[in-house]
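These notes are about the structure you will find just below.
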Amino acid sequence: MSQVHIAIIRQVKPGMERAFEDALREFARESLGVPGTTGVHLIGPVPGSRSGEYGILRSFESDAACQAFYDSEMFRQWDEYANQFVVGGWTRRRLSGLEAFFLGVPGGPPHKWKMAVVTWLGVFPAVVLWSWAVRKSLSGLPSLVTTAIVSALVVATLAWIAMPLLTRVFATWLSPSRKHVGD
């Protein structure tokens, strides 16, 4: 049995971002206790942008656990409550691999090799930056602890800064619906 990863996209009304974020964080904490739920990640708009688009990435042990969660009274109540903060409904999409970072690319997920290139463009500088920035303050800690801290910082940088920026910058090239030089 393999894990199931789901992305939900919500468009938040202007001025309601803070209230939505607070409510979403609380719901995320509560919903982590639901049997079969293995994780939740919240992705907000790029800092300084006015997109209002939020992503909620959820992982489940199985298709049955995923379906049970989205059919649950808890989710129904959350969805009803969240409607005051958002425009329209929500989009739910099953994810696999790297495509979680590429939700906003027009025409659907890009070719895997393109996702890998753009991801590397985010990972490499983030690893170099964080390895250098925390080197002195983490000296003396076991290497496994240092690696865990650096990798957590890299993942946060990718999720909230690098990947939203890179997918926007490379959107045209990433789009599978158009032919580009080098495809």
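The values are calculated or read from the model by the stated rules, or taken from the named source; none is laboratory data. For clarity, every value in this text was computed on a predicted model and none was experimentally measured. Heads up, the Cβs are rebuilt from the backbone with ideal geometry, glycines too, and the neighbour counts pull from every protein chain shown.
Looking at Ala100, Ala152, Ala133, which is the one that is at pLDDT 85 or above and within 23 Å of Leu42 (Cβ to Cβ)?
Testing whether each residue is at pLDDT 85 or above and within 23 Å of Leu42 (Cβ to Cβ) leaves just Ala152.
Restricting the search to the range 154-163, which residues are within 13 Å of Leu129 (Cα to Cα) and buried (at least 17 other Cβ atoms within 10 Å of the Cβ)?
Val154, Thr157, Leu158, Ala162
Tell me, yes or no, whether the range 18-35 has at least one residue that is surrounded by 18 or more Cβ atoms within 10 Å (Cβ to Cβ), of a type in the set (Val, Ile, Thr) and in contact with a helix residue (DSSP H, G or I) (Cβ under 9 Å, 6 or more places away or on another chain).
No, the range 18-35 contains no residue that is surrounded by 18 or more Cβ atoms within 10 Å (Cβ to Cβ), of a type in the set (Val, Ile, Thr) and in contact with a helix residue (DSSP H, G or I) (Cβ under 9 Å, 6 or more places away or on another chain).
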